[in-house]
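Below is one structure, written out as structure tokens; comments come after it.
Readers should treat all values here as calculations from the given coordinates under stated rules, not as data from a laboratory. Here the structure is a predicted model, which is why all the values come from computation and not from measurement. No Cβ is skipped: glycine too gets one built from the backbone with ideal geometry, and neighbour counts run over all protein chains shown.
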Amino acid sequence: MSSPPPSLDDLRREIDEIDDKIHDLIMRRAQVVELIGIAKRPDNQIVRPGREATILRRLAARHTGTFPLPVVVRLWREMIATYSRIQGPMAVAVYAPEERRGFWDVSRDHYGGSIPMTAVNTPAAAIRAVADGTATVGVVPMPEEDDHDPWWRYLMNQDPKTPRVVASLPFCGRGNARGDDREALAIALIQHERTGDDRTLLGIELTEDKSRGRLKDALEAAGLTTVSFRSWTGRETGGGPLHLVEVADFVDAKDNRLAAFAANMGDILLRTIPIGGFAVPLSHAADARKI
Ligand SMILES: C=C(O[C@@H]1C=C(C(=O)O)C=C[C@H]1O)C(=O)O
């Protein structure tokens with residue numbers, strides 16, 4: 001004889017037990033994070049976007065059942081940002097003018113509802129806020145093709161006090177964010193870290209206009225796979241044309257492939273600066289079908 005189905009009361013009791021366990025674990029996680037905060041000193045970089053991406057990818061790989069993965073990611077993003085803030089002060093400056101409030105929504109989903117967040121009207125203001133320490137993280141739009149005033153050129157600087165791109169938002173779908181703005185990048189005064197599935201943004205200055213085909217060939221011959229190109233030929237600084245190339249790997253300034261690229265370009269290359277990069281979001285990864 002099969003046993004009768006559990007009653008509503010029994011099931012609700014089970015939910016209460018589960019909630020207690022989840023709550024206990026949330027509180028225990030806070031205690032562990034406090035110890036991590038101590039172990040991380042003296043460099044104490046409270047926000048580690050690479051580690052955060054690795055945590056979310058691991059959970060995505062084990063996720064099953066009817067509860068939607070983007071909501072799991074949303075819950076963890078809220079937690080991770082809040083746990084980061086337990087370790088030290090945090091504030092976010094978001095490029096979110098009146099007509100582009102979607103960036104506010106994706107930033108709030110990523111950095112949580114309890115982190116101090118300020119809307120600024122230009123990407124340059126977000127960069128300034130990070131550079132002067134008013135904000136720990138800045139959120140700027142994914143570089144666009146016809147941008148007359150691209151923010152990324154301000155990051156083409158070797159000064160260690162220059163913010164770097166450290167993450168791509170959203171990490172797993174934009175949910176009910178307002179408007180059409182799809183993607184943003186986070187910048188901070190930390191280095192982009194290798195996670196095993198990464199993109200790097202290379203800022204490249206040339207002495208003269210050259211086709212993207214030439215640049216792509218020289219990068220690929222050096223072993224760098226190109227994903228996208230953005231270009232800017234405004235010359236108010238007196239320099240040459242600038243390109244922003246997204247490449248499909250982790251690359252830092254010491255990478256041999258950059259030296260090979262420089263050799264391939266010869267005299268027309270003035271400088272190549274990795275302006276940071278990001279862990280490939282789940283929405284882009286092969287796992288996307290699970291979303
Ligand atoms: C706990 C850490 O600090 C922050 C919080 C994290 C978390 O809550 O898991 C992960 C990375 C960091 O952004 C850590 O560096 O491991």
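Per-residue extension of 0.36 nm, minus the Cα-Cα distance of T134 and I26, leaves a gain of 35.9 nm for this segment.
Of the listed peptides 55-63, 115-123, what is their order by residue-averaged count of other C-beta atoms within 10 Å, with the highest listed first? It would help to have the intermediate numbers written out before the result.
Working: 55-63: 14.6, 115-123: 17.6.
In descending order of packing, they fall as 115-123, 55-63.
Estimated from helical segments only, the mean residue ellipticity of the chain at 222 nm is -12000 deg cm²/dmol, where each DSSP H run of four or more residues counts as -39500 (n - 2.57). As a size descriptor, the averaged projected area of the C-alpha convex hull of the range 97-215 was calculated at 9.1 nm². Distances between placed amide hydrogens fall under 5 Å for E183 paired with M142, all partners being 5 or more residues away or on another chain.
Would you mind calculating the relative contact order of the range 1-94 from Cα pairs under 8 angstrom and at least 6 residues apart, reporting the percent as a whole number? Working shown, then result.
Details: 22 pairs, mean separation 35.0, N = 94.
Normalised by residue count, the contact order of the range 1-94 is 37 percent.
Computed from backbone phi, the HN-Hα couplings of the range 26-39 come to 4, 5, 5, 4, 4, 5, 5, 4, 4, 5, 4, x, 6, 5 Hz, rounded to whole numbers (Karplus: 6.51 cos²θ - 1.76 cosθ + 1.60, θ = phi - 60°; Gly and Pro given as x).
Relative contact order for the range 198-278 using alpha-carbon pairs under 8 Å, separation at least 6, rounded to a whole percent?
Working: 148 pairs, mean separation 40.7, N = 81.
With pairs under 8 Å counted, the relative contact order is 50 percent.
How many angstrom lie between the Cα centre of the range 110-150 and the Cα centre of the range 195-258? Here the two parts' Cα centres lie 23 Å apart.
Treat the count of other C-beta atoms within 10 Å as a stand-in for reagent exposure and order V280, V92 from fewest to most. It would help to have the intermediate numbers written out before the result.
On the way: V280 20, V92 26.
By the 10 Å Cβ count, ascending: V280, V92.
For the residues K21, K210, K161, a GNM of the chain with alpha-carbon springs under 10 Å puts the largest fluctuation on K21. Taking 8 Å as the Cα distance limit and 6 or more residues as the minimum spacing, I'd like the relative contact order of the chain as a percentage. Computed value for the chain: 18 percent relative contact order.
When the inverse distances between all different Cα atoms of the chain are averaged and flipped, the Kirkwood radius reads 20.8 angstrom.
How charged is the neighbourhood of D105? Take every other residue with its Cβ under 15 Å from the Cβ of D105, and add Lys/Arg as +1 and Asp/Glu as -1. Let's see the in-between values first.
Numbers: positive: R74, R77, R100, R101, R108, R174, R178, R182; negative: E78, E98, E99, D109, D180, D181, E183.
Counting the neighbours of D105, the net charge comes to +1.
Compute the FRET efficiency between R212 and N121 as 1/(1 + (r/R0)^6), taking r as their Cβ-Cβ distance and R0 = 22 Å, and round to the nearest 0.05. Working from the Cβ atoms, E equals 0.10.
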